[in-house]
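Working notes, structure below.
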Amino acid sequence: MPDKSKRSAWIKLMIILMILVLAFAGAGLFMKYHYKDIVESKIKTELNNRIIPDIYTNIDFTVFKTFPDASVVFYNTTIADPLRKDSVLLEAEKIYFRFNLIDLIREKYRLSRIDMINGKMNLYVDENGNENFDIIRQKTDSVKEALSLELEKILLRNIQINYDDEKSENYISAEVERATAKGKFGDKDFDLETSGNFHLKQYKLEENVLAENDNLIVDLVMNVSPTAGKFALSSGQIEFNSVPLEVSGAVDYRKETLVDVRLVSPALDMNSIMDDLPDDIADKLNPYAFAGEPFINIHLNGGYGGSANPHIEANFGLSHGKVEHRESGIEASALSLKGSFTNGNANNAATSILRVQELKGVFAGRDFTGEFSIKNLDKPEITLSANTVLDLQKIKEFASLDTLETATGSLKVDIDFSFTPGNINQITASDLMRSKSEGDIYLQNVDVKLKGNNAILRKVNGRLSFNSRDVAIQSLEGKINRKNDFTLNGFAENLLPFLFFKDQQLKIVADLHSAYLSLDDLLKQTEGMESNENGEYRLELPAHISCIFNMEIDALDFRRFHGEEVAGEAILKNQVLHLKNLRLKSMDGSILAKGTVNAAGDQVKVTGNAYFSKVKIDKAFYQLENLNQEALTHEHISGFLTSEMSFSASFTHELKPVSKTFALEAALKIEQGELVNFEPLRDLSRFLRVADLSKIKFETLENDISIKNEKITIPRMEVRSSAADFKLAGQHTFKNNIDYHLEVLLSEILSRKAKKKTENNEFGRIEDDGLGRTTLFLKIYGTVENPKFAYDTQGLKKKLEKDLKEEKKELKQVMHDELGMFRGDSTVKQKPKTERQLEKEKKKQEKEEEEKQLEEREKGKFIIEWEEE
C-alpha cells in the first residue's frame with residue numbers, strides 16, 4: 001500500500017509539471033502571437049524615430065530565450081556608415097530588446113535591457129570632427145508615451161570595437177569578450193556599475209603605437225548626472241596586463257569632454273606582471289626570476305576628443321628590485337629606479353618626454369648607475385648614460401651569451417649615448433650610424449674567444465674613447481693566442497652597428513705594432529696545434545671588416561720563413577688584402593714588395609711584385625721550403641741573389657697550392673754562386689769525363705726566367721764557372737722533367753782533361769788547343785732523378801745556320817761598302833749617296849730617255865715638240 005501511494009504521488013507530480021509546462025508553453029505562445037506585432041511595431045518605430053533610423057534586419061519576438069523577459073530579437077542587423085560608403089557603423093548577429101512580462105500584460109511597454117551578441121562597431125570621426133555615430137538621436141513624439149526607455153542593463157558579448165579619430169589621430173581597436181553596464185538609465189542622476197574584459201589589440205596616437213595585444217579588465221562604479229553632463233567615479237579598478245590600478249576622478253561631457261582622472265597602483269606583484277607579458281618577451285625573460293616593489297601614479301587632466309588630448313603626468317619606479325639568472329645564480333640586486341612621463345605643454349607625442357633617472361643597483365658585487373630618456377615620440381630622441389665596471393665572465397653567464405666560448409676580464413664603462421631612430425619599435429643600423437656618443441670604455445685583462453673560432457684574444461688592455469660616431473683606439477694591446485702580441489692606435493668607424501646588427505661594415509684605421517707574429521699560430525685550423533710545417537691551416541678574410549694598418553713588426557714567422565723589421569701598409573676591404581710598400585729583412589738580405597691576397601672566392605688568389613736584394617740563396621731555398629721540390633735544394637746551391645719579379649698564384653683556403661695557376665716573370669742576378677753535388681751536373685761530368693763538376697763556382701750570373709703552365713723556362717745564357725764556361729737554355733717542369741741545351745767550347749773540355757788550367761786564377765785560364773772556337777752541343781733530358789745526355793745535332797744545325805746567315809750578311813755588307821753592290825737588299829745597311837753619285841744617276845736617266853724616244857721614231861711614230869715663244 002505504501003508503494004502504491006508513493007507511485008500515485010509521483011504520477012500526480014508529473015502530471016502537475018506537465019500541466020505547468022504546457023501552461024507555460026501555451027502562455028508563451030499566446031504572448032508571442034498576441035504581442036508580437038504590437039511590440040515589434042513599437043520597437044521599430046521607436047528606434048527609427050528616436051534612436052537609429054534605417055536599420056536593415058530580420059525581426060522576431062521570443063519569450064523562451066530570454067525568460068523571465070520577453071524580447072524583440074533583431075537578427076543580422078546592419079547600420080550603414082553615413083560618412084564612409086565602404087564601411088558600416090554596426091554589424092550584429094543578434095540584438096535583444098528585453099521587456100518585463102508583467103509589464104507587457106499590463107500593456108506597459110518599458111524597455112529594460114539590451115543585449116548585443118557577436119558583432120562589430122566601427123566608430124569614426126573625420127578630419128572636421130564629424131562623427132558617424134551622430135545619427136543616434138532622441139525625438140519627442142507620441143510614441144514616447146507608449147514606449148518608455150528605462151534601461152537597467154546593457155550587455156555586450158564578443159563585440160569588435162574600432163575607433164578611428166582622424167582629427168585627433170587616435171586609433172583604438174579592441175575586442176569585448178563580455179561587458180555590462182547596470183543602472184537606472186534615465187534623465188535623472190543615477191549610479192552606474194560597469195565591468196568587462198577587453199583585449200586591446202592596438203592603441204595608436206598619431207604614428208606611435210602606445211599599446212598592442214594587451215588585456216584590460218574594468219570594474220567601475222560611478223554617479224552619472226545627465227542633466228549636468230558629467231559623471232564621477234566613486235570607486236573603480238582597472239587591471240592592465242595583470243597590473244591593478246585604482247581609478248578616481250570625474251569626467252565632464254557637456255560641451256566638450258573634460259577629464260580629471262587619477263590612476264594609482266596599489267602594492268604590485270612583480271612575478272604576476274612578468275607572467276602576463278606577451279609570449280615573445282616572456283620567452284626571453286623565462287631564464288630569470290624577478291622580485292621588487294614597482295609603483296605607478298598617473299594623472300590625466302584636460303580636454304579629450306577631436307584634436308584635444310588631456311595632459312598626462314605619470315611617475316613610476318621600483319624599489320628593492322632583484323633579477324636572478326636561475327641557472328647560474330648570478331643576480332643584479334638592490335635595484336631601484338625612478339621615472340616620469342609627460343606629454344608636454346602641447347599634450348601630444350611631439351612634446352612627450354619619458355625619463356628614467358636614478359637607476360641604481362649592484363651586479364656581481366659592483367655598483368652601477370645609469371639614466372635614460374626619450375623625447376618627442378614622433379621623432380624619438382633617445383639618450384642614455386651608464387657608469388659601471390662589468391665583469392665579463394658574469395655578464396656572459398647572466399646574459400647567456402652563447403656566441404662567446406670564453407669571456408674574462410672587466411670593462412669599465414663611462415659613456416653618454418644619444419640617437420634618433422626612425423621607428424622606435426624597430427631600431428636599425430642606420431639609426432646607430434647617426435648616433436652621437438661621448439665617453440670611455442677601458443678594457444682590463446680581457447680574454448675573449450668566439451665559438452667556432454680558434455683565435456683567442458688574451459690580456460687585452462686599452463681604452464676606447466667615443467666621440468660622435470667614431471671610436472678612438474688608444475694603446476689597445478694584448479695577444480692573439482699565446483704568441484702574437486699587438487698594439488693598436490687609431491680609430492674605428494661604425495662600431496656599434498657592427499656589434500648589434502648583421503652584415504654591417506666595421507672600418508679600422510690604425511697603427512699596428514707587434515714584437516712578434518706567427519702566421520702559423522694565427523692560421524691554424526685545429527685548436528692547440530703547434531706551429532709546424534705539417535699543420536692544417538685555414539685562411540678566411542672577414543667580409544664585413546675594412547682595415548688600413550700602418551704596420552711595424554719586429555719579427556714574423558710562417559713555417560720556415562723568418563722576416564725582421566717588417567714595415568708597410570696593409571689595406572683590407574671586401575675580403576681582399578692589399579699590401580703596399582712592404583719592406584723587410586730576410587735571408588741575410590732585404591725585400592721590397594707589393595701585392596694582393598684575394599680570399600673572396602673559392603680560391604685564394606695572390607698577385608704581386610717583389611725585389612730581392614742580395615739574399616742568400618741557400619737560406620732562401622730553405623725558408624721557402626725548396627720551392628716544394630727536391631731536385632735542387634738549399635744543400636746544393638749557395639750565393640747571393642738580387643732579383644726583380646712579378647708573380648701570381650692560387651691556393652685553396654687551406655693554403656694548398658694550385659700548381660697550374662703559378663706564373664712568374666723574374667730577372668735574376670746571382671753573385672758568388674756555387675753548386676755542390678747537383679745530380680745532373682755530376683752525371684754530366686761522367687758523360688764528358690770531367691771530374692770536377694760536382695762542385696763548381698761561377699761568376700756573376702744574370703738571366704730572365706719565367707714560370708707558366710707548370711713549366712720553368714730558362715732563356716739562353718752564358719755561365720762562367722770554375723768548371724767550364726758554357727751557354728745554357730731549356731725547360732724544367734714541376735714534375736721534374738727536364739730539357740736543357742748546353743753549349744761548351746771543346747777547348748774547355750780538353751783543357752780540363754789535359755789539366756792545363758792555371759791554378760792562380762779562381763775561374764781558370766783556357767789554353768788554345770789549336771782547334772779555335774770549336775763548340776760542343778749537348779742535350780740533357782729526362783728527369784732530374786734520371787737525366788740523359790746526348791749530342792745536340794739539332795742545336796748544332798741551328799747554330800750553323802745562324803752562323804752562315806751572319807757570315808753571309810757580313811759578306812754582303814763588305815761588298816756593298818767596297819763595291820756598291822746589293823743596294824736593294826733590305827738586310828744590307830745602305831750608305832748615303834754623294835753629290836757626284838746623284839749627278840751621275842741624273843745624266844744616266846736623261847740618256848735613257850733620249851734613247852727611248854729615238855726608238856719610237858724608228859718605228860714610225862712622230863713626236864712633235866713645239867718651241868715656246
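The values are calculated or read from the model by the stated rules, or taken from the named source; none is laboratory data. Everything numeric in this text was worked out from a predicted model, so none of it was measured. Cβ atoms come from the backbone with ideal geometry, glycine included; neighbour counts cover every protein chain shown. The area values use the complete protein model at the heavy-atom level, side chains included, leaving out ligands, DNA and RNA. Shrake-Rupley method; radii C 1.70, N 1.55, O 1.52, S 1.80 Å.
Could you do me a favour and compute the accessible area per residue for region 248-392, 1.4 Å probe, result in Å²?
55 Å²
Return the FRET efficiency for the residue pair Arg110, Asn197: r is the Cβ-Cβ distance, R0 is 25 Å, and the value is rounded to the nearest 0.05.
So, using R0 = 25 Å, E works out to roughly 0.25.
With the cut-off at 29 Å, tell me which of the pairs Lys594/Lys711; Lys85/Lys375; Lys619/Lys711; Lys360/Lys502 have Cα atoms farther apart than that.
Lys85/Lys375; Lys360/Lys502
With all protein chains present, calculate the accessible area of Thr383 using a 1.4 Å probe and round the result to the nearest 10 Å².
Accessible surface of Thr383 is approximately 60 Å².
So, for region 590-654, what is the accessible surface per residue at a probe of 1.4 Å, expressed in square angstrom?
51 Å²
Calculate what fraction, in whole %, of the accessible area of region 148-274 sits on carbon and sulfur atoms when a 1.4 Å probe is rolled over the protein chains.
50 percent
What share of Cα pairs, in percent, lie more than 20 angstrom apart in region 613-682?
39 percent
Can you send over the carbon and sulfur percentage of the accessible area for region 499-608, probe radius 1.4 Å, protein chains only?
Heavy-atom surface of region 499-608 belonging to carbon and sulfur, 1.4 Å probe: 52 percent.
For Arg583 and Lys85, compute 0.36 nm times the residue count separating them, minus their Cα-Cα distance, and round to one decimal in nm.
171.3 nm
Quick one: accessible surface of Lys338, probe radius 1.4 Å, all protein chains present, in square angstrom to the nearest 10.
110 Å²
Label-point separation (nm) for Tyr163 and Thr420, each offset 7 Å from Cα along Cα-to-Cβ?
Between Tyr163 and Thr420, the simple spin-label model gives 3.2 nm.
To the nearest 10 square angstrom, what accessible area does Tyr96 show with a 1.4 Å probe?
20 Å²
Between Lys184 and Ser319, how high is the FRET efficiency from 1/(1 + (r/R0)^6) when r is the Cβ-Cβ distance and R₀ = 41 Å? Nearest 0.05.
Approximately 0.35, to the nearest 0.05.
Subtracting the Cα-Cα distance from 0.36 nm times the residue separation, let me have the gained length for Thr633 to Val362 in nm, one decimal.
Stretched out fully, the Thr633 to Val362 stretch lengthens by 90.9 nm.
Apply the Karplus curve 6.51 cos²θ - 1.76 cosθ + 1.60, θ = phi - 60°, to the phi angles in region 402-415 and return the couplings in whole Hz, x for Gly and Pro.
Taking θ as phi minus 60°, the curve returns 5, 6, 9, 7, 9, 7, 9, x, 9, 10, 9, 10, 9, 8 Hz for region 402-415.
Can you compute the modelled spin-label distance between Glu625 and Thr783, with each label point 7 Å from Cα toward Cβ, in nm?
For the pair Glu625/Thr783, the computed spacing is 2.2 nm.
Could you pull the Cα extents of region 449-582 along its three principal axes, largest to smallest, in whole Å?
If we take the Cα atoms of region 449-582, the spans are 47, 33, 29 Å.
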